[in-house]
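Single-structure report; data block below.
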Amino acid sequence: MAHSTIQKATFINSLKQEMIDADIDPNGTPEFSKTSIVELLMKVQTLRDLWEKSTYIGFSIEENGYAEVNGEKYSLNGKVDATLKQSDQTNEYTSHVANKVIIYKPAFVSYLRLGFTLGHELIHVHHINTGFSLKIFNSRSLNEAKNYLERLAYGWNMNYGDPQAADKMKMYQ
């Protein structure tokens with residue numbers, strides 16, 4: 001049993017450690033501004049790499065956001081403002097474009113939570129930009145596709161040490 005725990009731990013990256021290495025206090029409270037977002041994107045290598053893969057998408061900040069997940073309303077830390085188009089003739093999804101990432105005030109509770117939120121949303125942008133999400137939307141029902149893509153993004157969160165990710169992932173089963 002101890003062996004599997006040790007083995008599992010060796011595969012987990014640490015966003016928290018990357019922040020410490022970049023002289024950012026993961027437990028510190030970031031200012032509710034784009035400046036805090038840019039600081040993390042520039043100083044934390046994993047986030048910088050994801051931002052690059054996401055073609056340096058723009059960000060906005062807003063007070064509150066909500067989403068309905070499987071019939072229940074939840075407060076959001078962030079979301080991708082995206083346009084998904086569907087053909088009237090075939091019902092096939094024809095394009096999916098990421099416009100910007102919106103980060104909500106609850107994500108600013110700590111630098112670590114903000115970092116997990118940024119990484120999660122940038123995973124979604126990368127999936128959109130590469131055409132992967134469009135492929136998923138065309139191979140499943142809309143709800144199944146959304147849930148699958150959320151599980152993939154929360155998989156990133158889990159891999160980087162987010163203690164809330166496993167519970168969040170359960171919402172998308």
Residue 64/residue 139 FRET efficiency (R0 30 Å; Cβ-Cβ; nearest 0.05): 0.35
Convex hull projection area averaged over all views, the chain, Cα basis, nm²: 11.0
Cross-link table 85/135; 53/105; 85/146; 73/168; 53/100, entries beyond 19 Å C-alpha to C-alpha: 53/105
Chain lengthening between residue 94 and residue 34 when straightened (0.36 nm per residue, less Cα-Cα): 18.4 nm
Dipole magnitude of the chain, debye to nearest 20 (Cβ charges: Lys/Arg +1, Asp/Glu -1, about Cα centre): 320
For the chain, share of DSSP beta bridges that run antiparallel, in % to the nearest 5: 75
For segment 2-165: relative contact order, % (alpha-carbon pairs under 8 angstrom, 6 or more apart): 25
Contact order normalised by residue count of segment 95-173, Cα under 8 Å, 6+ apart, percent: 28
Surrounding net charge for residue 152, when Lys and Arg each add one and Asp and Glu each subtract one, Cβ distance under 15 Å: +3
Ordering of 84-96, 121-133 by packing [mean C-beta count within 10 Å, highest first]: 121-133, 84-96
In range of the label at residue 132: residues from segment 148-164 whose backbone nitrogen is under 13 Å from the point 7 Å along Cα→Cβ: 148-157
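Read-outs: derived from the displayed coordinates by stated rules, not from any lab. Given the structure is predicted, the values throughout are model-derived calculations rather than measurements. In this analysis, Cβ positions are derived from the backbone assuming ideal geometry, glycine residues included, and neighbour counts consider all displayed protein chains.
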